[in-house]
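Data first, discussion second: the structure below is written as structure tokens.
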Amino acid sequence: MGIPLRSGNVRKPNEKMRLIVTTFAGVIFGFFLGVSFPTLSLTKMNLPSSLFPSIDLTYIEDKYSGLSTQAIFNALNSLKANKDVSVPPDKHNETKIWVPTNPRGAERLPPGIIASESDFYLRRLWGQPSEDLTIKQKYLVTFTVGYNQKATIDAAVKKFSENFTIMLFHYDGQTTEWDEFEWSKRAIHVSARKQTKWWYAKRFLHPDIVAPYEYIFMWDEDLGVEHFDAEEYIKLVKKHGLEISQPGLEPNSGLTWAMTRKRDDTEVHKEAEERPGWCTDPHLPPCAAFVEIMATVFSRDAWRCVWYMIQNDLIHGWGLDFALRKCVDPPHEKIGVVDAQWIVHQGVPSLGNQGQAENGKAPWEGVRERCRREWNMFQDRMTNAEKAYYEAMGLHPNLTMKHWD
């Protein structure tokens with residue numbers, strides 16, 4: 001009976017000593033942990049998510065690095081106490097953006113971020129975007145070209161000042177060859193084989209793309225420009241209020257229409273006398289409200305309308321010149337020919353030679369047949385579209401249109 005008692009008396013001092021040693025070791029460990037804590041990465045410690053629910057440890061580490069351990073834990077307690085107001089709402093219940101007045105497809109974006117228009121301004125790969133442009137061109141000129149006409153195009157481009165963005169549409173696939181000209185290195189080049197300027201225009205000159213330009217020149221490649229200055233042309237267009245225009249054509253260059261013939265007694269003319277029976281109204285084409293499609297110049301607003309009228313599949317544009325009047329009002333006042341700045345139509349059948357010989361016909365013959373066919377197709381589409389609209393409105397105007405052969 002005495003042995004167990006002695007044994008119990010011996011264990012009590014040992015338990016006290018163990019408790020003292022354990023406490024001392026805990027204090028020492030806590031001290032060193034507290035000293036080293038600011039240098040530890042909370043995000044790298046494998047802490048259970050239940051310890052600090054809904055708290056961003058990275059934020060705490062960044063904000064409170066270098067502070068004492070007590071300050072960090074005070075911050076944790078503060079964040080935990082206010083988590084109901086600082087934590088974002090559940091992702092399934094968050095507020096969504098929907099602005100019906102935004103462009104179609106962009107309704108989910110805040111209006112302030114939408115860039116609805118673009119341009120052809122060339123930018124650098126370095127530096128600040130705000131410092132990219134030393135000049136913003138005010139006008140755009142496009143030429144649909146083949147490399148064989150490089151001399152003519154070189155002469156034409158030099159008639160356009162630095163206020164013009166130069167854009168070449170290459171129907172023969174040759175682009176880098178043009179780099180022999182210094183200006184070509186600053187031009188915009190678009191290449192698609194055997195396509196017309198109206199094919200290019202429909203696909204690359206959307207009104208929102210060319211919106212920065214006050215005027216858009218849509219020119220062929222076979223135009224002599226010895227008597228032409230682009231800046232002076234713009235001045236006359238503005239002076240006479242022309243929304244759609246072209247330079248006068250030299251009278252001895254095989255004209256089709258009296259309207260486009262250059263006159264010597266005026267700066268601009270807006271009407272002409274054609275052959276008997278060609279004009280049912282002196283204010284209608286081809287006696288007024290008419291220019292050809294070889295060297296047309298559009299204001300920004302007029303082009304926005306014309307672009308929508310261009311048909312995707314009717315690539316030659318024949319008949320379009322008779323319908324341009326639908327895009328301005330009054331057309332016989334806002335469409336005209338600039339006589340004081342005139343050009344020569346050289347009549348180079350370059351695009352015609354891009355056709356294909358079929359059934360014993362030369363390539364250019366097939367192209368010409370397609371042009372005439374498209375003219376009739378366009379007139380039919382316009383007449384039918386207008387008829388359908390007026391019938392839907394309960395109106396029945398006379399919509400007959402002359403078919404030109």
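The values are calculated or read from the model by the stated rules, or taken from the named source; none is laboratory data. Only a predicted model underlies this, so the values are computations on that prediction, with no experimental measurement involved. FYI the Cβ positions are ideal-geometry reconstructions off the backbone, even for glycines, and counts take in every protein chain you see.
Take region 252-274 and flag every residue that is at pLDDT below 90 and more than 39 Å from the chain's Cα centre (by Cα). Break it down into steps so the answer makes sense when it comes.
Applying the first criterion (at pLDDT below 90) to region 252-274 yields 252-256.
Within region 252-274, just 252 meets the criteria.
Can you give me the number of residues within region 236-253 that are assigned to a loop (DSSP other than H, G, I, E, B) and either outside the structural domain of residue 328 (by TED's automatic domain parsing) or without any contact (Cβ under 8 Å) to a residue 40 or more places away in the chain (or both)? Break it down into steps so the answer makes sense when it comes.
At the first step, the residues of region 236-253 found to be assigned to a loop (DSSP other than H, G, I, E, B) are 240-243, 250-253.
With either outside the structural domain of residue 328 (by TED's automatic domain parsing) or without any contact (Cβ under 8 Å) to a residue 40 or more places away in the chain (or both) added as a condition, the list becomes 251-252.
The number of residues fulfilling the criteria is 2.
The conditions are (1) surrounded by fewer than 15 Cβ atoms within 10 Å (Cβ to Cβ); (2) among the charged types (D, E, K, R); (3) touching a helix residue (DSSP H, G or I) at 6+ places or on another chain (Cβ under 7 Å), and residue 203 fails exactly one of them. Which is it?
Tallying (1) surrounded by fewer than 15 Cβ atoms within 10 Å (Cβ to Cβ); (2) among the charged types (D, E, K, R); (3) touching a helix residue (DSSP H, G or I) at 6+ places or on another chain (Cβ under 7 Å), residue 203 fails exactly one: (3).
Among the candidates 244, 216, 234, single out the residue that is within 22 Å of the chain's Cα centre (by Cα) and aliphatic (A, V, I, L, M). Break it down into steps so the answer makes sense when it comes.
Working: 244 fails: within 22 Å of the chain's Cα centre (by Cα); 234 fails: within 22 Å of the chain's Cα centre (by Cα).
Matching residue, one of 244, 216, 234: 216.
Taking the conditions exactly as written (among the hydroxyl-bearing types (Ser, Thr, Tyr), assigned by TED's automatic domain parsing to the domain that holds residue 235, closer than 16 Å to residue 238 by Cα and in contact (Cβ under 8 Å) with a residue 40 or more places away in the chain), does residue 266 satisfy them or not? Walk me through how you get there before you give the answer.
Working: among the hydroxyl-bearing types (Ser, Thr, Tyr): yes; assigned by TED's automatic domain parsing to the domain that holds residue 235: yes; closer than 16 Å to residue 238 by Cα: yes; in contact (Cβ under 8 Å) with a residue 40 or more places away in the chain: yes.
Answer is yes for this residue.
For region 302-323, check the following and say yes or no: at least one residue is of a type in the set (D, E, K, R) and in a helix (DSSP H, G or I).
Restricting attention to region 302-323, the residues satisfying the condition of being of a type in the set (D, E, K, R) are 304, 313, 321.
Now drop any that are not in a helix (DSSP H, G or I), which leaves 304, 321.
Yes: one or more hits.
Within region 173-200, can you find the residues that are in contact with a Gly (Cβ under 7 Å, 6 or more places away or on another chain), surrounded by fewer than 18 Cβ atoms within 10 Å (Cβ to Cβ) and not hydroxyl-bearing (Ser, Thr, Tyr)?
Within region 173-200, 193 is the sole residue that qualifies.
Can you find even one residue in region 213-229 that is farther than 17 Å from residue 339 by Cβ, at pLDDT 95 or above, assigned to a loop (DSSP other than H, G, I, E, B) and not acidic (Asp, Glu)?
Yes, region 213-229 has at least one match.
Just give me the residues in region 120-155 being surrounded by 17 or more Cβ atoms within 10 Å (Cβ to Cβ) and of a type outside the set (A, V, I, L, M), in sequence order.
Here is the first cut: in region 120-155, the residues surrounded by 17 or more Cβ atoms within 10 Å (Cβ to Cβ) are 120, 137, 139-146, 149-150, 152-153.
Those that are surrounded by 17 or more Cβ atoms within 10 Å (Cβ to Cβ) and of a type outside the set (A, V, I, L, M): 120, 137, 139, 142, 143, 144, 146, 149, 150, 152.
Suppose the filter is surrounded by 14 or more Cβ atoms within 10 Å (Cβ to Cβ) and within 19 Å of the chain's Cα centre (by Cα); does residue 169 pass it?
yes
So, of the residues in region 103-132 that are among the small types (Gly, Ala, Ser) and in contact (Cβ under 8 Å) with a residue 24 or more places away in the chain, which turns out to be farthest from residue 204 (Cα to Cα)? Write out each step before concluding.
The initial filter retains those residues of region 103-132 that are among the small types (Gly, Ala, Ser), namely 105-106, 112, 115-116, 118, 127, 130.
Next cut, in contact (Cβ under 8 Å) with a residue 24 or more places away in the chain only: 116, 118.
Numbers: 116: 15, 118: 11 Å.
Looking at residues that are among the small types (Gly, Ala, Ser) and in contact (Cβ under 8 Å) with a residue 24 or more places away in the chain, I get 116.
Test of understanding: among 366, 336, which residue is buried (at least 19 other Cβ atoms within 10 Å of the Cβ) and of a type in the set (Gly, Ala, Ser)? Break it down stepwise before answering.
Values: 366 fails: buried (at least 19 other Cβ atoms within 10 Å of the Cβ).
Being buried (at least 19 other Cβ atoms within 10 Å of the Cβ) and of a type in the set (Gly, Ala, Ser) holds for just one of 366, 336, which is 336.
Pull out all pairs, ordered by first then second residue, where Cβ-Cβ is under 7 Å, the residues are six or more apart or on different chains, the first lies in region 288-307 and is on the phi > 0 side of the Ramachandran plot, and the second is outside any loop (DSSP other than H, G, I, E, B).
289/325; 289/331; 289/332; 289/335
Going by the structure shown, is residue 221 loosely packed, with under 15 Cβ neighbours inside 10 Å and within 21 Å of residue 161 (Cα to Cα)? Don't jump to the end; show me each part of the working.
Numbers: loosely packed, with under 15 Cβ neighbours inside 10 Å: no; within 21 Å of residue 161 (Cα to Cα): yes.
Considered against the rule, which asks whether it is loosely packed, with under 15 Cβ neighbours inside 10 Å and within 21 Å of residue 161 (Cα to Cα), residue 221 comes out as no.
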